[in-house]
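Working notes for the structure below.
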DNA sequence: AACGCAAATGATAGCGCAACCATTGTGCTT
DNA sequence: AAGCACAATGGTTGCGCTATCATTTGCGTT
């Protein structure tokens, strides 16, 4: 039907027909001509309708509708150097963690008339640099990016960009501009404390992907155990692979095999791994929580409903997205923000999987 | 540090300094001056490097890097009427179904140098119309949208857009342009056949959100039972709320309560609902699959790992995204496509939750 | 009645880039 | 040695819109 009909354009019989209907994109000027006003007035009807008298406004709007005019955002952005675009860079599209943050971002940005240009960095700082370059070429008015492990070059042109930037997910010592996140290390530490408090002794660790935030959780785990003289590096099992329920089951099996079952608790860096471990434990007829505690991270919905229910660390992902987006909007509107750094906190949801009877 | 330093601009001491470093955005012309070539040559170095001699290319590239030049995509798009943007409209960001389709789309589009502008229509045709209008104002070179229930107005300007468009998720009788999906009605029909084949008799239905595709699954369910004279509308429990594990549990309880437990199988329109029903059944001490079969839809990862494993309908979501993106790319490159309509099919993954011993 | 002031509308220029066509230079053919 | 093809580079123009600065109109003030 459509799609690349360059040919059709060339077939036009010389310069005969003025312009075949719907052949050419209609512009502001077309609308202006059709409604008998100047181009700038049409522009105002679209962008500052309150500055145009009601009669004219209606008249112009009628022309816009009947012609099916759709403004060219590129021309508008070029002329006004306002793109109404916010760039967002996340490491993975398929991770529910980021999906929910995104939801928060979209909610706020949509309500404020901003489009979101989203890129996926695949957990690679180099890819991230490339992607952020792409984002910047769209002249975004603000940027939301994940974590703090940008390349030097990237930090460099980010600083020069002169737009509000929020780094999300983790708390950074020295953010580029603004920062919203929570303390992954402390969360890991607190999880261990909780397990110890429940009377578990030999606490294993299961991790996948091992991105910076997962590493921090592991450091917290390590620190807590070291402080009690209970750290044993043999109880740590990790893989660079992405997390999944399947991987969780495999890592759990491998942990149990390599430790001959001395482990009586497992801290999984996310709920997928934890569910995998739980399901695998059930298949191995290990009694959770009597013989084994399992703790996850992120508190996805399934954690509360699975049997036995899964202890997990709840973090306000949606709220984090909302907060980050809101900070950008506030800065763009020159409203004050309380702080450049926001700690969203977390909460350990204590459930059956870590409660010895 | 940065963020809205308009003030700084005005503070500039008259016209003293030529231009404070990094005060003004640097453009193609700046790069041209810095490297002693014309603007158009710089443009070529960026867009058609093979047309520039190696020596010049290196020289220009050096200037680009040292100045930290980032092209203005709006100007480029305006001048060339090529945006390198593909618009994507999905009904929900938080639904894993769409997330995986998105992954496929991003994969292909990224590899081909296209950016993705993503909007969320919240399952509302009116919102969709607004959002697609927004997309079109970015002059995307192609569009991927969900389903076929666009408003008349929307269909209208979509048809006029003269760009390749793929409608995804479901099979449409009369697509706007191209179409990739699978037959939801037939899938629902086949699920019932499978349950009957396993010896289950009274098959309930649990549905949430009830978007067009869920409705089609329900119609398939209904048709199959009607053909066997076993349809009973009292066995259908639905809600307009979004799906979730929690809602699945609630609907299951309500189904069991209203039917006094005569139901011996439940078809849930997605796996979240099915997991909710399964977990709830476990809490009610109902034996799955002996006393009750549960079948989900989408085959999310948990389905294969939960105990008992959950029968579900597997659909190639990632592949659907890849396919849709690939069709767009092919059309843009004027390569042939096999067909305007592609049926991705589906497969019922028969697992323990529907296998009577 | 003359003035001023604000609201409503218009004319002009330019945002940064690439399309288009022109020009120059290089190496080859005959 | 003259001619030619083609690769490499540059000048000019305009994409569609909005910022900026006029200009016009209406209306209240003294």
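Every read-out reported here was derived from the displayed coordinates using simple, explicitly stated rules and does not represent laboratory data. Bear in mind that the values here come from a model prediction, so they are computed numbers and not experimental data. Note: ideal-geometry Cβ built from the backbone for every residue, glycine included; neighbour counts use all protein chains shown.
Placing a label point 7 Å from Cα along the Cα-to-Cβ axis, residue A:201 is separated from the same position in the other copies by 5.5 nm, shortest listed first. Only helices enter the 222 nm calculation for the protein assembly as shown: every DSSP H run of n ≥ 4 contributes -39,500 (n - 2.57), and dividing by all residues gives -14000 deg cm²/dmol, rounded to 500. Relative to the longest principal axis of the Cα atoms of chain A, the long axis of helix A:245-259 lies at roughly 20 degrees. Compute the helix-to-body angle for B:125-137: its Cα long axis versus the longest principal axis of chain B, expressed 0 to 90° and rounded to tens. Relative to chain B, helix B:125-137 is tipped by roughly 20 degrees. Using the Cβ-Cβ distance between residue B:24 and residue B:355 with R0 set to 51 Å, the FRET efficiency from 1/(1 + (r/R0)^6) comes to roughly 0.15. Rounded to two decimal places and with Rh computed the Kirkwood way over Cα pairs, what is Rg over Rh for the stretch B:109-260? Radius of gyration over Kirkwood radius for the stretch B:109-260 works out to 1.07.
Taking B:195, B:310, B:78 in turn, the Gaussian network model of chain B (Cα-Cα springs below 10 Å) assigns the largest fluctuation to B:78.
Placing a label point 7 Å from the Cα of residue A:350 along the Cα-to-Cβ direction, the distances to the matching points in the other copies come to 4.7 nm, shortest first. Computed from Cα atoms, the angle from the helix A:54-67 axis to the main principal axis of chain A rounds to 80 degrees.
Suppose we keep just the DSSP beta bridges with both residues in chain B; what percent of those would be antiparallel, to 5?
Numbers: 3 of 38 bridges.
Close to 10 percent.
Spin-label model, residue B:219 to residue A:159: label points 7 Å out along the Cα-to-beta-carbon direction sit 6.1 nm apart. Annotation for the stretch A:343-357 versus the stretch B:307-332: alpha-carbon center distance of 36 Å. The mean number of partner chain beta-carbon atoms within 10 angstrom of a residue's beta-carbon across peptide A:158-167 is 3. Against the empirical 2.2 N^0.38 Å (N residues), chain B has a Cα radius of gyration ratio of 1.33.
Decide, for the stretch B:93-182, between rounded, prolate and oblate: order the square roots of the alpha carbon gyration tensor eigenvalues as a ≥ b ≥ c, take rounded if a/c falls under 1.5, and otherwise choose prolate if a/b is larger than b/c, else oblate.
Details: a/c = 1.35, a/b = 1.18, b/c = 1.14.
Verdict is rounded for the stretch B:93-182.
The mean number of Cβ atoms from other chains found within 10 Å of a Cβ in peptide A:333-343 is 1, as a whole number.
Assuming 1.306 mPa s and 10 °C, estimate D for the stretch B:21-71 with Stokes-Einstein, Rh taken as the Kirkwood radius over Cα pairs, in µm²/s. Present the calculation step by step, with values, prior to reporting the outcome.
Working: Rh = 10.7 Å.
In µm²/s, the coefficient rounds to 149.
Taking the label point 7 Å along Cα→Cβ, residue A:173 and its counterparts in the other copies are spaced 6.6 nm apart, in ascending order. The mean number of Cβ atoms from other chains found within 10 Å of a Cβ in peptide A:295-302 is 2, as a whole number.
When a/c reaches 1.5 or more, the comparison of a/b and b/c decides; with that in mind, is the protein assembly as shown rounded, prolate or oblate per its Cα gyration tensor? Oblate is the answer for the protein assembly as shown, as a/c is 1.5 or above yet b/c matches or exceeds a/b. Model label sites at residue B:233 and residue B:65, defined 7 Å from Cα along the beta-carbon direction, differ in position by 7.2 nm. Each peptide in B:168-174, A:303-309, A:341-347 was scored by the mean count of other Cβ atoms within 10 Å over its residues; highest first, the order is A:303-309, B:168-174, A:341-347.
Scanning chain B for the beta carbon that comes closest to the axis linking it by rotation to A yields B:74, 2, distance in whole angstrom.
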